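The values are calculated or read from the model by the stated rules, or taken from the named source; none is laboratory data. On a predicted model such as this, the values are computed, not experimentally measured, just so you know. Glycine also receives a Cβ, built like all others from the backbone with ideal geometry; neighbour counts cover every protein chain displayed. The accessibility values were calculated without ligands, DNA or RNA, using every heavy atom of the protein model including side chains. Shrake-Rupley method; radii C 1.70, N 1.55, O 1.52, S 1.80 Å.
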Amino acid sequence: IIVTMESPKLQVKLNENERFRKLKERFVEKFGEPPLFYACAPGRVNLIGEHIDYCGYAVLPMAIEQSILAAVSVNDTQSIQLANVNPQYKDFAVSSEELQIDRTNPQWYYYYLCGVRGVKEHLGLAPLAGMKCVVDGTVPPSSGLSSSSALVCCAGLVTLEANNKMLSKVELAEICARCERYIGTEGGGMDQSISFLAEEGTAKLIEFNPLRAVDVKLPDGAVFVIANCCVEMNKAATSHFNIRVVECRLAAKLLAKRRGLDWSCVQRLSEVQAALGASLEEMLTMVQEVLHPEPYSREEVCQTLGVSLEQLRDGVLSANTQHVTHFKLHQRAQHVYSEAARVLRFREVCEAAPDDSIRQLGLLMQQSHTSCRDLYECSCPELDQLVRTCLKAGAVGSRLTGAGWGGCTVSMVPVDKLEAFLQEVRKSYYTSDPRRAALEKHSLFVTKPGGGAALFLEA
């Protein structure tokens, strides 16, 4: 699938689409000229497979209706001017030759610049076309629905179009996955992949190395409901996420060393499994045998691997994990291998479609949340409360989705119980708390698989 200036773009009639019409009005008001084109990249909800993409394992997300939409004009000033419909996000302007990204200060425009810089460097664009851009986002920020990655993907697509270049969606997804690391987040590529490769009406099994997406038909008779626990968590502003990445990397290296592999070049837990030709069940047994449940100190890690503390800091730890003194390797590896198995089982159930498929998928979701909470420790009290509330309200399965430590749950709800479910969750979780009640309108919604990133012209 090619994304290029020559490709047919989707036509949008502004008098029939209020969001596009308002964005154009804002653009004209801001820059005194109409936009040349529009670009849109969706957020996503991950149904199962949390924190395993950066370990090399397949995940199972779908795109959602909420998205990042940008109106853009192109010029030859070699400057990038950015504005946001939301007044809490300030304007920003920068020379296209000086795309500096401050990872200590993860502002919205730095995510946009990640996408610009990624495409610029990949294609060797010099000079880069000047751009004026107004952004409108409907993905709740810091909610685990990938608002930041959608912004990076939208910016990458805008940069490609503004410079009249051509890339496949797979290439663009891989570039955007890499370039988001400019802001300091060491993600694995799920968010960018589903934003580009999503198709309406189907979830996707996203596999890595090489990147590919396979349709997964979800069962009839149930819908997925997203609920925000109203605790925000910005991955780039904290070290929680990157600490887990480092713990998985260390677990992979220790397992590889104990099994006589060249551990120095091992980065992911999936690489250990592949090198040993083992099953996921065998890897789980190996975790029990090799990694002790007690946290590993930096000194023990160094001693086991035969490296100095300086080598550990330079070769394994990331910039915002230098302060970490202890690592829970046993628990993190156990989560990753068991979660990878749950993803494959989830897909198998969807394909086989047994009579009790909804019950089976719900159980896998519950097991996933338990593992995220207890082994990966990426939940929080509010997420756990919301999961309990959703299960009590009639969901067959409910789990945190996204990085965690706040953000959203995703619940699988039988269609005939949907209205009663929504009513009960509103009453039990939102209306009982004034702050949550004020946020409830955008915090609880039914979702279905949406389409991927796209370019639009005014009809």
Restrict the check to the range 296-314 and report whether at least one residue is closer than 21 Å to Val59 by Cβ, assigned to a helix (DSSP H, G or I) and more than 25 Å from the chain's Cα centre (by Cα).
no
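Scan the range 271-290 and give yes if some residue there is under 30 Å from Val139 (Cβ atoms) and either of a type outside the set (Ser, Thr, Tyr) or touching a Pro at 6+ places or on another chain (Cβ under 7 Å) (or both), otherwise no. Even if it seems obvious, please write down each step before you answer.
Restricting attention to the range 271-290, the residues satisfying the condition of being under 30 Å from Val139 (Cβ atoms) are none.
No - not one qualifying residue is present in the range 271-290.
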Are any of the residues in the range 35-44 at pLDDT 95 or above, under 30 Å from His335 (Cα atoms) and assigned to a helix (DSSP H, G or I)?
no
Val446 closer than 19 Å to Ser146 by Cβ, open to solvent by 10 Å² or more (accessible area, probe 1.4 Å) and touching a residue at least 60 places away in the same chain (Cβ under 8 Å):
yes
How many of the residues making up the range 409-446 are under 26 Å from the mean Cα position of the chain (by Cα), of a type in the set (Ser, Thr, Tyr) and modelled with pLDDT of 95 or more?
4
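Is it the case that Ser428 is touching a strand residue (DSSP E or B) at 6+ places or on another chain (Cβ under 9 Å) and not basic (Lys, Arg)?
On the way: touching a strand residue (DSSP E or B) at 6+ places or on another chain (Cβ under 9 Å): no; not basic (Lys, Arg): yes.
Here the answer is no, as Ser428 does not meet what is asked.
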Looking at (1) open to solvent by less than 40 Å² (accessible area, probe 1.4 Å); (2) at positive phi, which one does Leu60 not meet, given that it meets all the others?
(2)
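If you check Ser67 against the conditions, is it open to solvent by less than 60 Å² (accessible area, probe 1.4 Å), within 17 Å of Leu157 (Cβ to Cβ), polar (S, T, N, Q) and at pLDDT below 95? Step through it out loud before you land on a result.
Numbers: open to solvent by less than 60 Å² (accessible area, probe 1.4 Å): yes; within 17 Å of Leu157 (Cβ to Cβ): yes; polar (S, T, N, Q): yes; at pLDDT below 95: no.
No; evaluated as a whole, the condition is false for this residue.
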Within the range 262-278, count every residue that is in a loop (DSSP other than H, G, I, E, B) and either in contact with a Leu (Cβ under 8 Å, 6 or more places away or on another chain) or closer than 18 Å to Asp53 by Cα (or both).
3
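Residue-wise test of (1) open to solvent by 20 Å² or more (accessible area, probe 1.4 Å); (2) more than 12 Å from Ala155 (Cβ to Cβ); (3) outside any loop (DSSP other than H, G, I, E, B); (4) β-branched (Val, Ile, Thr).
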site	(1), (2), (3), (4)
Gln81	yes, yes, yes, no
Asn86	yes, yes, no, no
Tyr89	yes, yes, no, no
Glu98	yes, yes, no, no
Asn105	yes, yes, no, no
Tyr110	yes, no, yes, no
Arg117	yes, no, yes, no
